[in-house]
Amino acid sequence: MPSDTYLVPDLKKGEIHRTELVVKKSRFITSIARTKGVDEAKAFIAKVTEEFSDARHNCFAYNADKPGTSGYAGCSDDGEPHGTAGQPMLNVVLHCDVGEITAVVTRYFGGILLGTGGLVKAYQDSVKTCLESLNTTNMVLMDCYEIVIDHSMVTLVQRLIKSLNIQILNQEYTDKVKYTLDVPLDSAEQLKAQVTQLSSGRAEIKKLS
């Protein structure tokens, strides 16, 4: 996969992908969402925990960044024996090649103790099972640019923006036209070159982030 894209859950904001696994009468309900950043991850965890507030455990693992990175990752055993739920779940999440993802596994105890190894396997299998049916989509990495052009160039530039799959974040019309744009990394050089050519070097182009 190109370095400027990565897989994320194909879920809209507020949408949850959910599966259930039964192990020795204990129910393991896995809820997965796309979470852009740690705050969204924590909000989703709180939402699921509230939904299943009568459950004995709502264990979680999240990676709020690119696949495989751990700088914005976290997990919790939520009362299960240390290391039997959160970390095993996180190991699956970090190695699933999907980023911006949070998994919460809700357990309703079935009366039969699973033991340390049984718990590890149950929580890992719960996340793996949910991931197997999870639809994913490509996340395209963007940089933010600002361009300032003459009014006479608007039609040409808008056509260029559309052809390069660039998103217009803001536009201002004064004596000039100023666009704030989200530009895919692999389109940035082409945007700069073509805008410079179309304007004969008169357009202003600068990277904001």
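Couple of notes before you dig in:
- The residues of the stretch 110-122 that are open to solvent by 60 Å² or more (accessible area, probe 1.4 Å) and of a type outside the set (A, V, I, L, M), listed by number, are Thr116, Lys121.
So that you can scan it fast, the table gives a plain yes or no per residue for (1) surrounded by fewer than 19 Cβ atoms within 10 Å (Cβ to Cβ); (2) more than 18 Å from Cys130 (Cα to Cα):
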{"site": "Gly14", "(1), (2)": "yes, no"}
{"site": "Lys42", "(1), (2)": "yes, yes"}
{"site": "Cys59", "(1), (2)": "no, no"}
{"site": "Gly79", "(1), (2)": "yes, yes"}
{"site": "Ile101", "(1), (2)": "no, no"}
{"site": "Tyr108", "(1), (2)": "yes, no"}
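- Matching residues in the stretch 88-120 - criterion: being on the phi < 0 side of the Ramachandran plot, in a helix (DSSP H, G or I) and without any contact (Cβ under 8 Å) to a residue 24 or more places away in the chain: Gly117
- Screening Asp78, Asp143 for residues that are at positive phi, under 25 Å from the mean Cα position of the chain (by Cα) and not in a helix (DSSP H, G or I) leaves exactly one candidate, Asp78.
- For first residues located in the stretch 24-42 and farther than 17 Å from Asp54 by Cα and of a type outside the set (Asp, Glu), partners that are open to solvent by 10 Å² or more (accessible area, probe 1.4 Å) and in a strand (DSSP E or B) and lie 6+ apart or on another chain with Cβ distances below 6 Å form the pairs Ile32/His17; Ala41/Tyr62.
- Taking residues in the stretch 174-190 that are assigned to a strand (DSSP E or B), and partners anywhere that are open to solvent by less than 10 Å² (accessible area, probe 1.4 Å) and of a type outside the set (Lys, Arg), the pairs with Cβ atoms closer than 6 Å and at least 6 places apart or on different chains are Val177/Ile149; Tyr179/Ile147; Val183/Leu191.
- Check on Thr116, out of contact with any Cys (no Cβ under 9 Å at 6 or more places or on another chain), over 28 Å from Ile16 (Cβ atoms) and of a type in the set (S, T, N, Q): yes
- Within the stretch 123-149, the set of residues being exposed (fewer than 14 other Cβ atoms within 10 Å of the Cβ) and modelled with pLDDT of 95 or more comprises Glu132, Ser133, Asn135.
- When the stretch 191-209 is limited to residues that are open to solvent by less than 80 Å² (accessible area, probe 1.4 Å) and either assigned to a helix (DSSP H, G or I) or among the basic types (Lys, Arg) (or both), the one that is nearest to Met139 (Cα to Cα) turns out to be Leu191.
The values are calculated or read from the model by the stated rules, or taken from the named source; none is laboratory data. Not measured: the values here are computed from a predicted model. Here Cβ is always computed from backbone atoms with ideal geometry, including for glycine, and neighbour counts include all displayed protein chains. To get the accessible areas, we keep the full protein, side chains included, count just its heavy atoms, and leave off ligands, DNA and RNA. Shrake-Rupley method; radii C 1.70, N 1.55, O 1.52, S 1.80 Å.
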